[in-house]
Amino acid sequence: MGFLALWTDSLRALLRDKGVALLVFGAPVLYGFFYPWFYGNEVVQRVPVAVVVQDASGLARQMLRFAQASPRIDPQIVTGDEGIAQQALLRGEVMGYALIPRGLKRDVVRGAGVVVPVYANGAYPLASKQVQYGFAEAFGTVSAGVELRRLQAGGQSALQAAASRSPVNAQAVALFNPTEGYGAFVVAAVAVLILQQTLLMGGALFTGTLREQGLAHAGARVWLARLLALCVPGWLAGVFYFGWIFLWQDYPHGGNPAGALALLAVFVPAVAGCACLLGWWLADRERALQVVLFTSIPLAFLGGFTWPVEALPEPLQWVRWLSPSTAGIQASLRLNQVGAPVAVVGPYLGWLGGMAVGSWGALLWLGDRRVS
């Protein structure tokens, strides 16, 4: 058979195996539609909170009104007993609370430093962030008004008071995540891991089946055709994510399209090679699914986007590079979201290319070896 016929036959074999076809063709499409849906709101808003007001002054009431007007938080409990707020926090009825202490107005008039404690449930980082930011913005606005009135009382005009309080105006702009949303942050990185895990499971499943049926030792040309056939769904899924899902979900995208294609050109073969080596080693159709599913969450933390790499134990900082997703995620974020030139991600592409060459070479050698 010619090589093109071998490649076509291998592609048909992938499609005939319903389990493999579902993993390498169907799963990326399903994930592309449903995984971003959970993060559709991007930013958490109107987080339920409590406000403990122990000061009866007009300033305390003004702080409460500003907290109620904040889009980030929703004060559902207003009380003078901190114990009630604590119990509501423990029961999960609110995600945090602020304590406006007694003597607040008196201390402000005296010019003494005033501290307004804010407590948030750290088990939910997104909600905790909104609780802290919401109270900080509300109380900070009130504090700015108090400071302006104090400066005007000292003889400054309204313009002079504004300039004295804020001599340098700073405006923070998120360049590569304009909405500062969680979906735009996590999906852009997890998409690469989804591409890897679906192709890894499908390829290992395919190779495990060949091992069970005694068809693994088929020669180097046959294995080269099989590997190229396995790359086809990986490349299609990559173009589907980078070229349409990111656009459809309005995630930062298109920074360097040519660089993204170059990434797929080396990332997919590296994953395909690792998938077949894994299936060869396990030599069992179902075992590959169990192993790869177990590794998904650890690989997400080892990818370097959800957890600081420097905080990982040193052995893990080295081991994580055995997964193509580590280099793939770092390169993808730079190319797709930031728009970096290919030269910047050269080391990542080189590492993926080396993994592809090494894994393909090992498979061609294994496939051409005859069992004595």
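Couple of notes before you dig in:
- In the stretch 315-372, of all residues being in a loop (DSSP other than H, G, I, E, B) and over 19 Å from H253 (Cα atoms), the one that is modelled with the lowest pLDDT corresponds to S372.
- Members of the stretch 170-184 found to be in a loop (DSSP other than H, G, I, E, B), under 14 Å from the mean Cα position of the chain (by Cα) and hydrophobic (A, V, I, L, M, F, W, C), listed by number: F176
- R46 being surrounded by fewer than 20 Cβ atoms within 10 Å (Cβ to Cβ) and more than 30 Å from G208 (Cβ to Cβ): yes
- Here is the figure for the stretch 296-326: residues that are open to solvent by 40 Å² or more (accessible area, probe 1.4 Å) and either of a type in the set (V, I, T) or closer than 23 Å to G214 by Cα (or both) total 3.
- With respect to (1) touching an Asp or Glu at 6+ places or on another chain (Cβ under 8 Å); (2) buried (at least 21 other Cβ atoms within 10 Å of the Cβ), the lone exception for R226 is condition (1).
- Checking C231 against (1) at pLDDT below 95; (2) under 30 Å from L363 (Cα atoms); (3) of a type outside the set (A, V, I, L, M); (4) open to solvent by less than 80 Å² (accessible area, probe 1.4 Å), the condition it does not meet: (1)
- Taken over the stretch 50-81, residues that are more than 17 Å from V109 (Cα to Cα) and under 36 Å from the mean Cα position of the chain (by Cα) amount to 18.
- With respect to (1) part of a loop (DSSP other than H, G, I, E, B); (2) surrounded by 15 or more Cβ atoms within 10 Å (Cβ to Cβ), the lone exception for A123 is condition (2).
- Looking across the stretch 14-34, the residues that are within 16 Å of A272 (Cα to Cα) and β-branched (V, I, T) come down to V20, V24.
- Residue in the stretch 190-208 that is among the hydrophobic types (A, V, I, L, M, F, W, C), out of contact with any strand residue (DSSP E or B) (no Cβ under 8 Å at 6 or more places or on another chain) and more than 18 Å from A27 (Cα to Cα) present: no
- Flag if G80 is farther than 21 Å from R46 by Cβ, free of Cβ contacts under 8 Å to residues at least 40 places away in the same chain and touching a strand residue (DSSP E or B) at 6+ places or on another chain (Cβ under 9 Å): yes
- Test: residue in the stretch 93-109 that is open to solvent by 20 Å² or more (accessible area, probe 1.4 Å) and small (G, A, S): no
- A residue that is crowded, with 19+ Cβ neighbours inside 10 Å, among the hydroxyl-bearing types (S, T, Y) and either in contact with a helix residue (DSSP H, G or I) (Cβ under 6 Å, 6 or more places away or on another chain) or over 26 Å from L261 (Cα atoms) (or both) can be found somewhere in the stretch 206-223.
- Restricting attention to the stretch 28-73 and to residues that are among the β-branched types (V, I, T) and not in a helix (DSSP H, G or I), the residue that is modelled with the lowest pLDDT turns out to be V43.
- With respect to (1) at pLDDT below 65; (2) open to solvent by 100 Å² or more (accessible area, probe 1.4 Å); (3) within 29 Å of S128 (Cβ to Cβ), the lone exception for S166 is condition (2).
- Restricting attention to the stretch 169-184 and to residues that are hydrophobic (A, V, I, L, M, F, W, C) and surrounded by 11 or more Cβ atoms within 10 Å (Cβ to Cβ), the residue that is modelled with the highest pLDDT turns out to be A184.
- Taking every residue in the stretch 210-228 that is under 24 Å from E286 (Cα atoms) and among the charged types (D, E, K, R) and pairing it with any residue that is open to solvent by less than 30 Å² (accessible area, probe 1.4 Å) and assigned to a helix (DSSP H, G or I), at least 6 positions away or on another chain, the pairs with Cβ-Cβ distances below 6 Å are R226/S10.
- When V344, V291 are checked against the criterion of being under 26 Å from L228 (Cβ atoms) and among the aliphatic types (A, V, I, L, M), a single residue qualifies: V291.
- Counted residues, the stretch 234-279 - those being at pLDDT 95 or above and under 18 Å from the mean Cα position of the chain (by Cα): 0
- Test: residue in the stretch 282-295 that is in a helix (DSSP H, G or I), within 19 Å of the chain's Cα centre (by Cα) and aromatic (F, W, Y): yes
- Number of the condition not met by V94 [criteria: (1) touching a Pro at 6+ places or on another chain (Cβ under 6 Å); (2) within 30 Å of Q196 (Cα to Cα)]: (2)
The values are calculated or read from the model by the stated rules, or taken from the named source; none is laboratory data. Remember, it's a predicted structure, so these values are computed and weren't measured experimentally. Note: ideal-geometry Cβ built from the backbone for every residue, glycine included; neighbour counts use all protein chains shown. Ligands, DNA and RNA are stripped out before the accessible areas are found, and what is left, the full protein with its side chains, is counted by its heavy atoms. Shrake-Rupley method; radii C 1.70, N 1.55, O 1.52, S 1.80 Å.
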